[in-house]
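Report on the following structure.
The values are calculated or read from the model by the stated rules, or taken from the named source; none is laboratory data. The model shown is predicted, which means the values in this text are computed figures rather than measured ones. Here Cβ is always computed from backbone atoms with ideal geometry, including for glycine, and neighbour counts include all displayed protein chains.
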Amino acid sequence: MPAVSCRSLCAIDALAPASPQGNVTEPGDAAWEPSREDRLILHALAEDGRCTYDELARVAGVSEATARRRLGALRREGRVRVRAVIEPALLGLPVEAVLRIRAVPSRAEAVAAALVESAHVRYVSFVTGEHQLLVLAAFPDEPTLHDVVTRSAWLRDAVSVDVALVLATLKRGGMLAPWLRD
């Protein structure tokens, strides 16, 4: 496997322990505790997703083969994902919005399940407060955003939807915007 690559475009998600199916389990499952070496590897990758296995080995104080095995195991177990952080506009999705959704309490999970299936939705979380769901989404244009927030099937289970257009993103995927770096 080649070195993890894409300096400035890659980020590492250190995740909760994986289920037997390889899916991430619920947050707060404290059964897994990373070793010192794993923690050092995770921090190095979070800092620079392009670290080579040799660099990870040096940081963690292990051999390159051990660093390769440890990262492979962390990825297989679903504890780490390597992902590219790409500006949505480069993918033809220049309109970004934050949706705060207040759902019928007994239907909040159904609304969330419908939202995670949408190609426009990049992030969904249950939150506390007046709204139950926080959603980050990207669209090709405003009419598509309008359709999603006025015609989606999940709306019948929503009490209200607060829409805020994103004017500028200063940090995405844990990384500062290019014009804010150095």
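The set of residues from the stretch 107-146 being farther than 15 Å from Leu165 by Cα and in a loop (DSSP other than H, G, I, E, B) comprises Glu117, Ser118, Ala119, Val127, Thr128, Gly129, Glu130, His131, Gln132.
If the condition is being in a strand (DSSP E or B) and within 13 Å of Ala89 (Cβ to Cβ), then the stretch 159-182 contributes only Arg172.
In a residue-by-residue description of the stretch 82-93, the property of being in contact with a helix residue (DSSP H, G or I) (Cβ under 7 Å, 6 or more places away or on another chain) and at negative phi applies to no position.
Of all residues in the stretch 52-73, none satisfies being closer than 27 Å to Ala137 by Cα, at pLDDT below 95, of a type outside the set (A, V, I, L, M, F, W, C) and not in a strand (DSSP E or B).
No other residue among Thr150, Thr169 is among the hydroxyl-bearing types (Ser, Thr, Tyr) and either modelled with pLDDT under 95 or within 19 Å of the chain's Cα centre (by Cα) (or both) apart from Thr169. Restricting Pro94, Pro34 to those that are at pLDDT 50 or above and in the same structural domain as Val135 (by TED's automatic domain parsing) reduces the list to Pro94. In the stretch 42-73, the residue that is nearest to the chain's Cα centre (by Cα) out of those that are closer than 24 Å to Arg122 by Cβ and in contact (Cβ under 8 Å) with a residue 40 or more places away in the chain is Ala46. Whenever a residue of the stretch 154-182 is free of Cβ contacts under 8 Å to residues at least 12 places away in the same chain, its partners that are in a helix (DSSP H, G or I), lying with C-beta atoms within less than 7 angstrom and at least six residues away or across chains, give the pairs Leu170/Leu180.
For the stretch 128-140, residues that are on the phi < 0 side of the Ramachandran plot and surrounded by fewer than 12 Cβ atoms within 10 Å (Cβ to Cβ) total 2.
Consider the stretch 85-112 and keep the residues that are over 21 Å from Thr144 (Cβ atoms) and aliphatic (A, V, I, L, M). The one that is nearest to the chain's Cα centre (by Cα) is Val85.
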